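S.K.: Have a look at this one.
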Amino acid sequence: MKSESMNNMLIGGITGESIINQILHQYGRKFYKNIYLKNAFDSICQIDFLVVSDNSLISIEVKNYQRCAIKGDVDSSYWTACYLDRNRSLYNPVKQNRKHIDILRDVVDVQPLQCFSFIVFTPDCKLFVKRDPNETTRIIYANELYYELCIVGSGEKQYNDKTRNKIIDTLDAFDANMYNLSIEHQKYFNKKR
């Protein structure tokens with residue numbers, strides 16, 4: 001039963017990420033899928049999707065939960081996925097993406113670096129998340145992503161071509177080292193358990 005549950009979660013996660021991948025292709029900006037970043041303090045993270053727009057970097061954390069209610073608030077450490085027969089806790093994705101953006105700011109040497117945080121759920125769940133009015137993270141469903149990207153991307157162009165290329169070169173270097181960084185990331189999580 002445990003392996004069947006894990007397979008369903010894996011298939012669901014792949015499905016959720018493939019939906020986001022299609023939306024980002026339609027959006028038409030440079031993006032990275034499953035990029036690993038490591039800063040000078042040896043903090044490492046894996047970002048599901050990272051979009052390089054003309055005025056910002058957008059870190060997207062994808063959550064694929066089906067036939068459940070997601071309950072939590074932006075300040076708690078854990079949220080709860082409530083299914084009919086059980087509850088499952090998940091690390092607060094707002095906090096998770098904050099760490100991603102902290103590491104992103106450490107590794108991309110551009111000032112000012114405007115970053116946005118999106119937490120994207122597939123529409124097969126219901127969200128009951130208490131939001132802080134000062135919280136800038138967008139907690140949305142996948143079908144709202146394109147619209148939200150257009151809102152964020154509609155601002156004044158912040159990066160000239162030289163700066164944008166510098167950002168892309170930095171991220172490309174991390175992307176090229178994905179295999180080694182993914183192994184380090186897994187070792188980090190194994191130590192935490």
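The values are calculated or read from the model by the stated rules, or taken from the named source; none is laboratory data. Treat the numbers as computed from the prediction; the structure is a model and nothing was measured. Cβ atoms come from the backbone with ideal geometry, glycine included; neighbour counts cover every protein chain shown. The accessibility values were calculated without ligands, DNA or RNA, using every heavy atom of the protein model including side chains. Shrake-Rupley method; radii C 1.70, N 1.55, O 1.52, S 1.80 Å.
S.K.: Just the residues that are farther than 23 Å from D161 by Cβ, open to solvent by 40 Å² or more (accessible area, probe 1.4 Å) and touching a Leu at 6+ places or on another chain (Cβ under 9 Å), please, taken from the stretch 20-35.
M.R.: K33
S.K.: Out of everything in the stretch 45-77 that is in a loop (DSSP other than H, G, I, E, B) and either of a type in the set (A, V, I, L, M, F, W, C) or closer than 24 Å to K187 by Cβ (or both), what residue ends up being modelled with the lowest pLDDT?
M.R.: It comes out as V74.
S.K.: Which numbered condition in (1) farther than 24 Å from N21 by Cβ; (2) hydrophobic (A, V, I, L, M, F, W, C); (3) assigned to a helix (DSSP H, G or I) is the only one that L113 fails?
M.R.: (3)
S.K.: Anything in the stretch 82-108 that is touching a Leu at 6+ places or on another chain (Cβ under 6 Å) and without any contact (Cβ under 8 Å) to a residue 60 or more places away in the chain? List them, or say none.
M.R.: Listed by number, the list holds a single entry, R105.
S.K.: Quick check: anything in the stretch 78-91 touching a helix residue (DSSP H, G or I) at 6+ places or on another chain (Cβ under 9 Å) and either open to solvent by 80 Å² or more (accessible area, probe 1.4 Å) or not in a strand (DSSP E or B) (or both)?
M.R.: No, the conditions are met nowhere in the stretch 78-91.
S.K.: For residues that are closer than 26 Å to D172 by Cα and touching a Pro at 6+ places or on another chain (Cβ under 7 Å), tally how many sit in the stretch 99-141.
M.R.: Residues in the stretch 99-141 being closer than 26 Å to D172 by Cα and touching a Pro at 6+ places or on another chain (Cβ under 7 Å): 1 in total.
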